[in-house]
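Read the structure below first, then the notes.
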Amino acid sequence: MAHPRFKPGAFLAPRYWPTWLALATLRVVAGMPYTWQCRLGRALGSAFYYLHRKRRHVANVNIALCFPHLSAAQRKALVKETFRHTGIGAFETALAWWGNPEQLRRRCRIEGLHYLQDALKEGKGVILLTGHSTSLEMGGRLLSLHAPLQAMYRKLRNKLFDAVALESRLGFCARVIPRTQLRATLRGLAENLPTWYAPDQDFGQRGSVFVDFMGVPTATLLATAKLARLSGAKVIPFYPYREPHDAGFRLVLEPPLEAFPSGDDHADARRVSDILAQQISRAPGQYLWVHQRFKTRPPGAPRVY
């Protein structure tokens, strides 16, 4: 689908100056050695932990709900780790947008790429089922080095940052589609494009059912099964991980889901939720726990935030 080209002259009003400053800072950091970026990211995340009380509260609630077996000290440590990874992710986004592709390739190892390659031979596209890892943007960028991608996105409130994000993603994605445009998504799948899809956010009750996510009843989108049913595309779990000691990244692709969709909306949503929980549990500190995942509650259930 056609997108309007980015026009910097449309964003010269004073209200955009702080965003321009932030973008300039990201551009500078993106040119630094990766280990420096990680150190700066951890410092940024640590500052964010102390300065953003609301997001700290959200992360505390989410982690307490999903990891009730942890002690208070362990939960606090996990929350702090999450904020550090969130800070790294902010600078990694800049690296994903503006980094040298060959340098990125050298920092990445990929497991299970053959699952994607084999599924694409069927000619119906692939739905890459992933979650909102703090390295989500980098994961998509790295996978795009191996296959053309179609990405679904949610518009950002900051119009300048949204325009730059869209322009940058168009540089490495074959197609970028607003998450509400089902027909455009299906066209991309019909053109055999792997579709980068993360359904693990709270979009309310419409189009969702309540199933358990890490032991918590959660509004879970039905769209994964719907897309698979309408397109005939295989669903392949996909997740990016940061390697220890700032060594780079590991992308994990798993075998395509069998007997999916099953025709049972609740069972399919529960299966998607369980897959995401398994992915997150391998590196829980790298998940975006600052998102209000449990904002929508089942009828009669108390609010959690």
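We did not get these values from a lab; they are worked out from the coordinates using the rules stated. This is a predicted model, so every value here is computed, not measured. Please note: Cβ atoms are built from the backbone with ideal geometry, for glycine as well, and neighbour counts cover all protein chains shown.
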Of all DSSP beta bridges located in region 18-286, what percent are antiparallel, nearest 5? 40
Mind checking which of GLN103, PRO8, LEU78 is farthest towards the positive end of the chain's charge dipole, using Cβ charges of +1 (Lys, Arg) and -1 (Asp, Glu) about the Cα centre? PRO8
Quick check: the distance between the Cα centres of region 22-36 and region 68-98, to the nearest angstrom? 19
Could you tell me the relative contact order of the chain? Use alpha-carbon pairs under 8 Å, at least six residues apart, and round to a whole percent. 24
If you build the convex hull over the alpha carbons only and average its shadow over all orientations, what do you get for region 129-190? Give it in nm² to one decimal. 4.5
For region 123-130, 3J(HN,Hα) per residue [Karplus equation, 6.51 cos²θ - 1.76 cosθ + 1.60, θ = phi - 60°, Hz, x = Gly/Pro]: x, 10, x, 9, 9, 8, 7, 9
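So, counting K/R as plus one and D/E as minus one, what does the shell of residues with Cβ under 11 Å around ARG229 add up to?
That works out to -1.
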In vacuum, with every alpha carbon of region 140-291 counted as one equal point scatterer, what does the Debye formula give for log10 I(q)/I(0) at q = 0.12 Å⁻¹? Two decimals, please. -0.56
Percent of Cα-Cα distances greater than 35 Å, calculated over the chain: 18
To the nearest 0.05, the calculated FRET efficiency linking GLN117 and VAL209 through their beta-carbon distance, R0 being 35 Å, is 0.60
D (µm²/s, integer) via Stokes-Einstein for region 64-165, Kirkwood Rh across alpha-carbon pairs, 37 °C, 0.692 mPa s: value 200
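For the ranges 241-247, 211-217, what's the packing order if you count other beta-carbon atoms within 10 Å of each residue, average per peptide, and put the highest first?
Descending packing order for the listed peptides: 211-217, 241-247.
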Sorted from fewest to most neighbouring beta carbons within 10 Å, what does the list GLU92, GLU167, GLU137 look like? GLU167, GLU137, GLU92
The chain - mean residue ellipticity at 222 nm from DSSP helices (-39,500 (n - 2.57) per run, n ≥ 4, rounded to 500): -14500 deg cm²/dmol
Taking only the alpha-carbon atoms of region 244-305, the convex hull volume per residue, in cubic angstrom, is 115
What is the distance in Å between the Cα centres of region 151-199 and region 46-67? 29
Charge tally in the Cβ shell below 12 Å around PRO255, where Lys, Arg are +1 and Asp, Glu are -1, PRO255 excluded: -3
Ordering 219-229, 262-272, 291-301 by per-residue average of other C-beta atoms within 10 angstrom, highest first, gives 219-229, 262-272, 291-301
